[in-house]
Structures are given as structure tokens and as C-alpha cells.
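> This is the structure I want to talk about, given as C-alpha cells.
The values are calculated or read from the model by the stated rules, or taken from the named source; none is laboratory data. Since this is a predicted model, take the numbers as computed values, not measurements. Backbone-built Cβ (ideal geometry, glycine too); neighbour counts: all protein chains shown.
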Amino acid sequence: MSVRNQSSEQPAGTLHRAGFACFVGRPNAGKSTLTNALVGKKVAITSNRPQTTRHTVRGIVHRPDAQLILVDTPGLHKPRTLLGERLNDVVRTTWAEVDVIGFCLPANEKLGPGDRFIAKELAGIKRTPKVAVVTKTDLVDSKTLAEQLIAIDQLGKELGFEWAEIVPVSAVGDQQVELLADLLVPMLPESPALYPEGDLTDEPEQVMVAELIREAALEGVRDELPHSIAVVVEEMLPREDRPAERPLLDIHANIYIERPSQKGIIIGPKGKRLKDVGIKSRKQIEALLGTPVFLDLHVKVAKDWQRDPKQLRKLGF
């Protein structure tokens, strides 16, 4: 059993590696938070609700010796809607194309049927190295962590495969995040950098802006509408007639829900909730794009969009 829990030095050498890694795990296992911690900038939407990552967001870790491109997939789950089935297809396609898979398992929750379901699927992927990433270690004591490490090692043995590494990390406490990158890099193929130095993600900016608005919209209504919200940015245009030193970006976006009765929940009494969504997401968008933003939000109904192929296409799924 190979468990890493101490700092590691990259051996000196001129080889440069570049490749793709993806984090998998049941919903809310800490995949997006880990992606953000590794990249050092917010690129993946995080939420304590399942099914919030809908787009494959790539975070790019630039190092002198390597470029690690992180593909953040939706959580694999037993699908109940057409959207659910499409999300699962996205996951499996991604697994087949990456150089290394990191399976995220929270330290503070015992292994459950959801974890076994994913581990079984992983066992079928023979060639790709699989790293068990034990997340949220800041939430447990050392005894609980040790028990979880043993259980994870055992799970691999039961399913007939060996973990390439088992690494405990805390993305929130920034513990062992660098070590994880050190361990993933040698599993990548030799290759020059695949993306320019400054890139942190290859998601179009509009998609990332839509995700930030969606995250803010979910904030107060997770219990009522966890999966019923989609956001589409209709346009992003620099405001004309502005002096160069005082630019303003106009962003017009629609928040879609499934039923008219949900409209009031999103808008809130006297429009307060929608206003809060605007304020919160505008700050995040300005930080992401580095420019002042005027954000125009509208709430619209797209009836039962999660079950309708035409609506799913229109909303980008």
C-alpha cells in the first residue's frame, strides 16, 4: 500500500511533462475545491450540493517541469433524468481520455455505495493510473484518517486493482496540495506545454461567468431548487463611449428555472434575493475578468428543461 504523507522533492532533470488528470468522486467529494486549490484561482464552481459542476472545467497548473491540465467532471451518480444520463456519459468519455485519474474520497465520511459504484467503474479502466485522493482531512482526527486510508486500500484490493498512490489532502487548509501535484506529474507523458503560460482554464469566459452567477443564485435556495437552475449569458459587450481608463463591460444573463412557481423563490421578497445574486456574482466576475462590470439579470421559465432534449441543447448541455 503506497500512502504519501510527507513533502517530496522533484528530482532535477530537464524532462518536461504535460498531460491531463481528472478528479472523480461522488457528488460533494471536494473535486472542484481541489481543482481551485491546485490552480490557485477560482475556475470550478463549488457548492455543498451534488450536481453543481455541469461543464468540464479545465484548470491548468503551470510548473517549470510540467503542465498539469485538470479536467473537472460532474459527479457520477445513478441518473434519474436525461440531464443525469448525459452528465454520466461526459464522465466516462473523460476517463477514457486522461493520463491519470484522481478518485476523491472525503476523510469525514465512511465509504458508501456511491464510492463503490465509482470504484467498480474505475476497475474497468485498466491502463490509466488511479490515485486515491483523501479530501477534507482538516475535518478529522488522525485515527479516523488512518482508518479511512486502510479502507480505501482494501477497496482497491477487493476490486482487483492497486492504487498508484493514496494521498491525504486538505484543499481548504492547503495541506499536501503541492505534494499531490508532485505525485501526479511523473504519471504524465513527456511533452512540451500544451497551453500558453498565462492560461488558467480553456473554458470560454462566458461559460465561467454563467457558472459564477449560477453559484450565487444557488446560495440561498439550495434546499428548494438544487438542480433547477441554469444560467445563459446572452451577451458580454464593452460599453461604448467609455474612456479607455474607465472601461465597463455590460453582461446580460438569463437565469432559467423549470416552473413559474420557482420564480418568486429566486427573485425573493421585493426582488431582494435577485439583487443579492447580482451583487455577489458581480464581485466574483470583476475579479475573474479584471474589469468593472454592469450585470443585467433576468429570471425566465424553461419548462422541465432537465428532461427536454431541445431545451438541454439550448442551455448548453
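> For the list (1) within 26 Å of Asn36 (Cα to Cα); (2) exposed (fewer than 12 other Cβ atoms within 10 Å of the Cβ), I need the number of the one condition that Arg246 fails.
Arg246 satisfies every listed condition except (1).
> Go through segment 111-194 and tell me which helices (runs of 4 or more DSSP H), entirely inside it, have 2 or more residues that are over 19 Å from Gly30 (Cα atoms).
Correct list: 113-123, 142-158.
> Something else now. Filter segment 71-80 down to the residues that are under 24 Å from Lys310 (Cβ atoms) and either in contact with a Leu (Cβ under 6 Å, 6 or more places away or on another chain) or at pLDDT 75 or above (or both) and list them by number.
Once the filter is applied, which keeps residues that are under 24 Å from Lys310 (Cβ atoms) and either in contact with a Leu (Cβ under 6 Å, 6 or more places away or on another chain) or at pLDDT 75 or above (or both), segment 71-80 yields only Pro74.
> Further question on the same structure: Please enumerate the residues belonging to segment 279-299 that are surrounded by 15 or more Cβ atoms within 10 Å (Cβ to Cβ) and under 21 Å from Arg246 (Cα atoms).
Within segment 279-299, Ser281, Arg282, Gln284, Ile285, Leu288, Leu289, Val293, Leu295 qualify.
> Taking segment 129-176, which residues are of a type in the set (Lys, Arg) and farther than 12 Å from Ala107 by Cβ?
The answer is Lys130, Lys157.
> Same structure again: Examine segment 123-146 for a residue that is more than 23 Å from Leu38 (Cα to Cα), buried (at least 22 other Cβ atoms within 10 Å of the Cβ) and at pLDDT below 90, and state whether such a residue exists.
Scanning segment 123-146, I find no residue that is more than 23 Å from Leu38 (Cα to Cα), buried (at least 22 other Cβ atoms within 10 Å of the Cβ) and at pLDDT below 90, so the answer is no.
> Among the residues of segment 1-34, what is the count of those that are at pLDDT 65 or above and assigned to a loop (DSSP other than H, G, I, E, B)?
Residues flagged as at pLDDT 65 or above and assigned to a loop (DSSP other than H, G, I, E, B) within segment 1-34 amount to 9.
> Output the residue which, of all residues in segment 192-211 that are surrounded by 21 or more Cβ atoms within 10 Å (Cβ to Cβ) and under 18 Å from Gly278 (Cα atoms), is modelled with the lowest pLDDT. Show your work before the answer.
Within segment 192-211, the subset surrounded by 21 or more Cβ atoms within 10 Å (Cβ to Cβ) is 201, 208-211.
Now restrict to residues that are under 18 Å from Gly278 (Cα atoms): 208-211.
Details: Met208: 80, Val209: 87, Ala210: 87, Glu211: 85.
Within segment 192-211, the match that is modelled with the lowest pLDDT is Met208.
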